[in-house]
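Contents: one structure, followed by commentary.
The values are calculated or read from the model by the stated rules, or taken from the named source; none is laboratory data. Quantities reported herein were computed from a predicted structural model and do not represent experimental measurements. All Cβ positions, even for glycine, are placed from backbone atoms using ideal geometry, and neighbour counts span all protein chains on display. Calculation scope for accessible area: heavy atoms of the full protein, side chains included, ligands and nucleic acids excluded. Shrake-Rupley method; radii C 1.70, N 1.55, O 1.52, S 1.80 Å.
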Amino acid sequence: LESADAAAAAVALELEHLGGLSVEVICQALCLPVEALDADTAGAALLEARPDGRCRDAETLYQQRVKGVYGDLLRFMGRLEVVLDAEHQRFWSGSQAAAARMVDAVKDAKHLQKNLGQRLHEADSPLRAAYVDLRGHLFGQLRGLRRVALMPADDAAQRQARQQGLEALDQQAARFDAAFRQQLFAAVKHDRLDGLQAGSLLNDLGYARRIHASLRDVVAFTDEPGSLRGLRRRGAHAPE
């Protein structure tokens, strides 16, 4: 807290920690293993599977793993007394916003799990199939965001590549949203779903859309101070 760069480095590490915890809770809300995010493919068998004992309550996990870390991060950031230049101030404000967006995503995942977890346990039906589709879409978005997050962002070309990756995911999300809505109304028209079921699915589509938007904003945040970036580079090349 006596150095702007040291404080920013600590915040960057804790944001990474909070992000990992948040994604883990979101995967649990989808009743999917977080390890599958790094697998070469997320097969249909995984996405269609009924939850097993590994599917844990997202609210409990939020209370145990996310809420305290978020509070500690805000307390740490609130204690800073060093005068920040404009570049560090942007990073500080952006970090606060990114942390809040992670928590927003977890809270939306808690709401999504209420219907999703119940429907995934049920026998095969058009309603369960719709939730499987929604689950697969959001998990695919998580995998895509993870790939973009791992891309370097040290120069303008790399940041542009990351931006293009995010825009591609945005386009995929928009296409899924439109197609999913169309399929729901067609299912209601042909009595495969009733109006209440379609309404619940639309609400849960909204939660999925907000989860993607929140995490997308976090991944888009790359406003690291140049001095901190230099320290990080030197640290990465330091001898063991």
Worksheet item: Only one of (1) open to solvent by 30 Å² or more (accessible area, probe 1.4 Å); (2) assigned to a loop (DSSP other than H, G, I, E, B); (3) within 30 Å of Leu120 (Cα to Cα); (4) not β-branched (Val, Ile, Thr) fails for Arg101. Which number is that?
Response: (2)
Discussion item. Looking only at the range 23-44, filter to residues that are in contact with a Phe, Trp or Tyr (Cβ under 9 Å, 6 or more places away or on another chain) and either of a type in the set (S, T, N, Q) or outside any helix (DSSP H, G or I) (or both); which one of those is modelled with the highest pLDDT?
Written reply: Leu30
Practice prompt. Quick one: Phe139 ticks every box in (1) surrounded by fewer than 18 Cβ atoms within 10 Å (Cβ to Cβ); (2) under 14 Å from the mean Cα position of the chain (by Cα) except a single one, so which number is it?
Written response: (1)
Worksheet entry | Complete set of residues in the range 63-84 that are at pLDDT below 85 and exposed (fewer than 11 other Cβ atoms within 10 Å of the Cβ) | Glu81, Val83
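Restricting to the range 187-197, count the residues that are under 30 Å from the mean Cα position of the chain (by Cα) and surrounded by 11 or more Cβ atoms within 10 Å (Cβ to Cβ).
Final tally of qualifying residues: 3.
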Worksheet item: If you scan the range 86-98, which residues turn out to be open to solvent by 40 Å² or more (accessible area, probe 1.4 Å) and either of a type in the set (Val, Ile, Thr) or in contact with a Ser or Thr (Cβ under 9 Å, 6 or more places away or on another chain) (or both)?
Response: Glu87
Fill in: Given (1) over 30 Å from Ala198 (Cα atoms); (2) among the acidic types (Asp, Glu); (3) open to solvent by less than 40 Å² (accessible area, probe 1.4 Å), index of the condition Asp108 fails
(1)
Practice prompt. Kindly indicate the residue of the range 9-33 that is crowded, with 17+ Cβ neighbours inside 10 Å and within 29 Å of Ser125 (Cβ to Cβ) and also nearest to the chain's Cα centre (by Cα) among those meeting that condition.
Written response: Ile26
